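Shown next, in structure tokens, is the structure this report addresses.
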Amino acid sequence: MGDFFQRIVDVEVTQEEAGPLAERMVDWLVAEGVITREMSGDAVYSLTVDEGHVPGPNWARAVSDPSWEPAPVAVVVGRDYHVGGQGEDEAEWANCPRCDTKTVIIDYPESFEADDEVWQPFEDGIAAWKETGEGSAVCSACGVPVPITEWEWSWGFALGALAFDFWGWPPLDDSFVAEFGKQLGHRTDEHSGKF
Ligand SMILES: [Zn+2]
């Protein structure tokens, strides 16, 4: 069952805060027995980190159905986009928080690929944000440049400077996810799926 994953992305933390916050979260997760400080590269499939924390003695408390043994938990620090599901690099749609209009990027089920022309402004905005911490995309409906971190994305696409990848973990328990968010002190986005 190693090809399932659960992910929690902090969508508010800044690049500067992400490192210290990651350390505090690891301290908390170790204290709870969910993970250990021991690192392993086994079954960590993150694109940006190659090892994670070995599950702790109480890992089962974090999941709703502990029916299989999980792999390590990778902590991903740094501004990036995170994708769920089959790992497309584009969001299916982006919703403008100013005018509440949805820009369709992948026109399912007509198409399984992003419309490059539609996606380009978002891709550029994300690249600028990764580089400098600021980036925006102009909404084609209202014409307003909206910061890339304020757009609402389709499920499975999130921007953030801190993410926790629970590789091979069964679905996380709702109360654990709520407590996790409280410890972070920020809004989060959760992904799960097979890859
Ligand atoms: Zn708009």
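Yes/no per residue for (1) more than 16 Å from the ligand (Cβ to nearest atom); (2) more than 20 Å from the chain's Cα centre (by Cα); (3) at pLDDT 95 or above:
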site	(1), (2), (3)
46	yes, no, no
56	yes, yes, yes
62	yes, no, yes
84	yes, no, no
Just one of 92, 16 is without any contact (Cβ under 8 Å) to a residue 60 or more places away in the chain and open to solvent by 20 Å² or more (accessible area, probe 1.4 Å); which is it?
16
Could you grab me the full set of residues in segment 103-122 that are in contact with a Phe, Trp or Tyr (Cβ under 8 Å, 6 or more places away or on another chain) and either part of a helix (DSSP H, G or I) or closer than 18 Å to residue 149 by Cβ (or both)?
103, 105, 122
Against the conditions (1) within 19 Å of residue 56 (Cβ to Cβ); (2) within 16 Å of the ligand (Cβ to nearest atom); (3) not β-branched (Val, Ile, Thr), where does residue 173 fall short? Just the number, please.
(2)
Whichever residue in segment 148-166 is within 16 Å of the ligand (Cβ to nearest atom) and touching a helix residue (DSSP H, G or I) at 6+ places or on another chain (Cβ under 8 Å) and, among such residues, is most open to solvent (accessible area, probe 1.4 Å):
149
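The values are calculated or read from the model by the stated rules, or taken from the named source; none is laboratory data. It should be emphasised that the depicted structure is a prediction, and the values quoted were computed from it without experimental measurement. Cβ: placed from backbone, ideal geometry, glycine included. Neighbour counts: every protein chain shown. Remember, those area values only see protein heavy atoms, side chains included, never the ligands or the DNA or RNA. Shrake-Rupley method; radii C 1.70, N 1.55, O 1.52, S 1.80 Å.
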